[in-house]
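To start, the structure under review is shown below, and the notes come after it.
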């Protein structure tokens with residue numbers, strides 16, 4: 001059975017500056033993963049790539065065995081992502 005999330009050598013550059021560089025990890029079904037780090041560490045960039053909002057500069061990412069860009073519809077069926085601050089919170 002494939003991992004629920006597979007990230008392999010994920011890299012994203014903005015201009016010549018890396019936002020994330022060579023990130024690799026796996027998450028199995030039932031595991032809980034949290035991204036912790038200071039501002040600018042690449043947490044949001046990684047999540048945007050995993051949810052198909054932006055392409056990586058290099059590397060691959062899969063959700064339930066599906067490539068996040070080649071099979072984006074299948075990935076989106078399996079992922080819920082609510083970034084902060086939520087655009088749905090009324091003030």
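Looking only at residues in the range 21-44 that are in contact with a strand residue (DSSP E or B) (Cβ under 9 Å, 6 or more places away or on another chain) and more than 18 Å from residue 79 (Cβ to Cβ), which one is modelled with the lowest pLDDT?
40
Output the residue which, of all residues in the range 49-65 that are free of Cβ contacts under 8 Å to residues at least 40 places away in the same chain and under 17 Å from residue 6 (Cβ atoms), is surrounded by the fewest Cβ atoms within 10 Å (Cβ to Cβ). Reasoning before the result, please.
Taking the range 49-65 as the starting set, the residues that turn out to be free of Cβ contacts under 8 Å to residues at least 40 places away in the same chain are 49, 51-53, 55.
Checking which are under 17 Å from residue 6 (Cβ atoms) leaves us with 49, 51-52, 55.
Values: 49: 26, 51: 18, 52: 19, 55: 12.
Looking at the filtered set, the residue picked out is 55.
For residues in the range 22-43 being under 19 Å from residue 59 (Cβ atoms) and without any contact (Cβ under 8 Å) to a residue 12 or more places away in the chain, which is surrounded by the most Cβ atoms within 10 Å (Cβ to Cβ)? Give the derivation first.
Keep residues of the range 22-43 that are under 19 Å from residue 59 (Cβ atoms), which gives 22-27, 33, 35, 37, 41-43.
Subset that is without any contact (Cβ under 8 Å) to a residue 12 or more places away in the chain: 37, 41, 43.
On the way: 37: 8, 41: 13, 43: 16.
Applying the filter and picking the extreme gives 43.
Does the range 66-76 contain at least one residue that is closer than 18 Å to residue 4 by Cα, loosely packed, with under 14 Cβ neighbours inside 10 Å and modelled with pLDDT under 95? Lay out the reasoning, then the answer.
Filtering the range 66-76 down to residues closer than 18 Å to residue 4 by Cα leaves 66-76.
When the remaining residues are screened for being loosely packed, with under 14 Cβ neighbours inside 10 Å, the result is 70, 73.
Applying the additional criterion that residues be modelled with pLDDT under 95 yields 70, 73.
Yes, there is a match, as at least one residue in the range 66-76 is closer than 18 Å to residue 4 by Cα, loosely packed, with under 14 Cβ neighbours inside 10 Å and modelled with pLDDT under 95.
Does residue 2 qualify as being touching a residue at least 12 places away in the same chain (Cβ under 8 Å), part of a loop (DSSP other than H, G, I, E, B) and within 14 Å of the chain's Cα centre (by Cα)?
On the way: touching a residue at least 12 places away in the same chain (Cβ under 8 Å): yes; part of a loop (DSSP other than H, G, I, E, B): yes; within 14 Å of the chain's Cα centre (by Cα): no.
So residue 2 fails the test.
Can you tell me which of (1) part of a loop (DSSP other than H, G, I, E, B); (2) touching a helix residue (DSSP H, G or I) at 6+ places or on another chain (Cβ under 8 Å); (3) at negative phi is the one residue 52 doesn't meet?
(3)
Identify the residue in the range 6-16 that is on the phi < 0 side of the Ramachandran plot and modelled with pLDDT under 95 and, among all such residues, is surrounded by the fewest Cβ atoms within 10 Å (Cβ to Cβ). Walk me through how you get there before you give the answer.
From the range 6-16, those on the phi < 0 side of the Ramachandran plot are 6-8, 10-14, 16; that's our starting set.
Okay, now just the ones that are also modelled with pLDDT under 95, so 14, 16.
Details: 14: 9, 16: 5.
Within the range 6-16, the match that is surrounded by the fewest Cβ atoms within 10 Å (Cβ to Cβ) is 16.
The values are calculated or read from the model by the stated rules, or taken from the named source; none is laboratory data. Since the structure is predicted, the reported quantities are computational estimates derived from the model, not experimental observations. A quick note on method: Cβ atoms are made from the backbone with ideal geometry, for glycine too, and the neighbour counts reach across all protein chains shown.
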